[in-house]
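Working notes, beginning with the structure itself.
The values are calculated or read from the model by the stated rules, or taken from the named source; none is laboratory data. Predicted, not measured: the structure shown is a model, and the values here were computed from it. Quick reminder, even Gly has a Cβ in these numbers, built from the backbone with ideal geometry, and neighbours come from all protein chains shown. Surface accessibility is based on the protein's heavy atoms, side chains included, excluding ligands, DNA and RNA. Shrake-Rupley method; radii C 1.70, N 1.55, O 1.52, S 1.80 Å.
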Amino acid sequence: MKPFFLLILILFFYGCKGQKEKNDYINFLDTKYQSTGFFIPDISNPYPTYTYSDKKMGVFSVDFIGKSNETQYFWSPNNSKGFFSKSTNPENDAQNSKAIKNLIKENDYYVVASYLPSEFITYTGGEDGEFEPKQNAKTTFYLYEKNKWKQIGEIETSKIPENILLSKPTLFRNFKLKLIKDELLTPNNKAKI
């Protein structure tokens, strides 16, 4: 009887491990997460974004932040040659998901996901899926680079600055510097330093 029990226990832990690994990876760019649509937020330096919420998975946003000032400024309502240049109703156009998505050339953007897992969320009810972050909740940031999501930082959710755009370039810079440093320190590249 003991070998049978041991086999069941091994299969249980193997199954749990496989389940965890399977759920740890989220492709934030999967179109199934874009159901609420792309929009341009009403902030001082706007950029295309979309959000997704699921009680089992959590909440995340995917932001497309221009790599150049020109790309970033394209989304500004003040740009006479940008997205809103021919707009008669900027509020409606800011919600025109199809038009926004069609104008995004992924190589011109830092694609960043901000993820708050479900274990850090208390849902408060309502049809809109309203929620509050739990005390000591942590938001994890991922950068999409070379067809992979790479974790670039984690911040206690209550300490995230109001204008997160100002802190994201710092996260990018730190991440890029780490990648460069790691690349230079590999055994094949030590002579380059």
Seminar exercise, completed: All-but-one check, residue 140 against (1) assigned to a strand (DSSP E or B); (2) open to solvent by 90 Å² or more (accessible area, probe 1.4 Å); (3) touching a residue at least 12 places away in the same chain (Cβ under 8 Å), failing number (2)
Exercise. Which helices (runs of 4 or more DSSP H) does region 4-116 wholly contain that include 3 or more residues that are of a type outside the set (S, T, N, Q), surrounded by fewer than 19 Cβ atoms within 10 Å (Cβ to Cβ) and modelled with pLDDT of 90 or more?
Worked result: 90-93, 97-103
